[in-house]
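So the structure is just underneath, and the comments pick up after that.
The values are calculated or read from the model by the stated rules, or taken from the named source; none is laboratory data. The model shown is predicted, which means the values in this text are computed figures rather than measured ones. Ideal geometry is used to build each Cβ from the backbone, glycine not excepted, and the neighbour counts take in all protein chains shown. For the accessible areas, the whole protein counts, side chains as well, though only heavy atoms, and no ligand, DNA or RNA atoms are used. Shrake-Rupley method; radii C 1.70, N 1.55, O 1.52, S 1.80 Å.
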Amino acid sequence: MVRVVSVLGLVMFSVALLILSLISYVSIKKDFIFTGPRYPNAAGGPRMYMFHAGFRSQLAMKFLDPAFTSLNTALNENLQDSSSWTFNRSAYEELSKEIAQYIDVPHNFTLTKSSVRVGQLMHYDYSSHKYVFSIGENLRSLLPDASPVLNKRFNSCAVVGNSGILTGSRCGAQIDSYDFVFRCNFAPTEVFRRDVGRRTNLTTFNPSILEKYYNNLLTIQDRNNFFLSLKKLDGAILWIPAFFFHTSATVTRTLVDFFVEHKGQLKVQLAWPGNIMQYVNRYWKAKQQLSPKRLSTGILMFTLASSLCERVHLYGFWPFGWHPQTGADLPYHYYDRKGTKFTTKWQESHQLPSEFRLLFKMHADGILKLSLSHCT
Ligand SMILES: *[C@@H]1O[C@H](CO)[C@@H](O)[C@H](O)[C@H]1NC(C)=O
Ligand SMILES: *[C@@H]1O[C@H](CO)[C@@H](O)[C@H](O)[C@H]1NC(C)=O
Ligand SMILES: *[C@@H]1O[C@H](CO)[C@@H](O)[C@H](O)[C@H]1NC(C)=O
């Protein structure tokens, strides 16, 4: 009897502890603030980061680690004066060469008519080997004759992630000034053009977007909406990773049928990467010790860009629910409806804070430029 009571007591104690720690986690997230240029500290001394005593984000832990002091300083500088960044061309070229040893970007960019045959069974990068997709005549007819980026070289590229940090950033004009603009997951631009720009040269399109935003093209209205969205892309590249997840199979067929029906009516260039993630993963794991269950689309786009561009600037890469300058709550995506709560669903498969830290270190080393502040 005594034992039962003591066990019960222990269980209740643990539950209480868990609730308490959850409450403190939530309040900590709210209290967190970096004192940036907008909030010079009262003493008038050198501007410094102040981390709330209990702040426990993975990022802050690493930044607080003395080994990351230089990174911390760089983040501070970035927020105060993003023009202080200088490009280290030789360091960038070194990285770009290294990536090219793992991934043949021009060829891995898309399957082509001659690289597959009708009836060929494709597997999926992130699904069990038992799942297959048979390449049909229709899909093959949509493949390009040659990779659209073969022998292409762009002077300046922007890779635009979808973080809520872009909301109110007014970076649109700056983003539009790059020679080539990469975007992720068919993110909307028109309504947000002041913050994210209007130009798109490539956007990724996970087939599941059809399900999520276009009701599987079940009605005439859905089909019209989708057609108009594609029309706005003009001659940009629609990069469709159809062979990453087996769950894409059904929507991929819907997508293929749609494109076959509208052949000749759209200028958008389709690109269909094959099973390329093994090469991409191998680079990030071997050279940068980064091996999440899944790399983000953003870092994948940076990987491609590194082989196609003379220099690469990143916008909208910030996987946290608060603004680094103001501490204000941020939505997860810049296009999330007002009031949408920051989600940490990505934690299941991605390691966005580790990716961010790595990319930010590259920023500090002058390899790429990562913009976090407002553009003026
Ligand atoms: C540029 O990067 C290289 C390493 O690739 C380094 O040796 C060099 O010192 C850097 N240059 C500057 C100006 O920081
Ligand atoms: C990707 O490139 C590698 C070489 O880096 C090549 O061996 C492989 O066949 C390519 N795969 C695809 C699907 O493009
Ligand atoms: C990028 O897209 C814009 C229009 O959005 C176009 O004017 C420009 O020529 C494209 N650049 C390249 C390199 O394709």
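Here are some notes:
- The Stokes-Einstein estimate for segment 273-376, based on a Kirkwood radius over Cα pairs and taken at 25 °C with 0.890 mPa s viscosity, is a diffusion coefficient of 163 µm²/s.
- Rolling a 1.4 Å probe across all protein chains gives Asp234 an accessible area of roughly 80 Å².
- Additional length obtainable on full extension of the chain from Arg170 to Leu150, 0.36 nm per residue less Cα span: 3.9 nm
- Antiparallel DSSP beta bridges within segment 87-371, as percent of all bridges there, nearest 5: 15 percent
- Cα-based Rg of segment 87-371 normalised by 2.2 N^0.38 Å, two decimals: 0.98
- Separation between Cα centres of segment 311-376 and segment 90-146, rounded to whole Å: 28 Å
- Euclidean distance between Cα centres, segment 203-261 to segment 264-292, Å: 19 Å
- Segment 183-313: Rg to Rh, with Rh as the Kirkwood radius over Cα pairs: 0.98
- Computed E for Ser83/Asp329 - FRET, C-beta separation, R0 45 angstrom, nearest 0.05: 0.95
- Formal net charge of residues neighbouring Arg253 (Cβ-Cβ distance under 14 Å; K, R +1; D, E -1): -3
- Here the simple spin-label model places points 7 Å from the Cα toward Cβ, and for Val191 and Ser349 these points are separated by 2.5 nm.
- Rotationally averaged projected area of segment 211-269 (alpha carbon convex hull; nm²): 4.0 nm²
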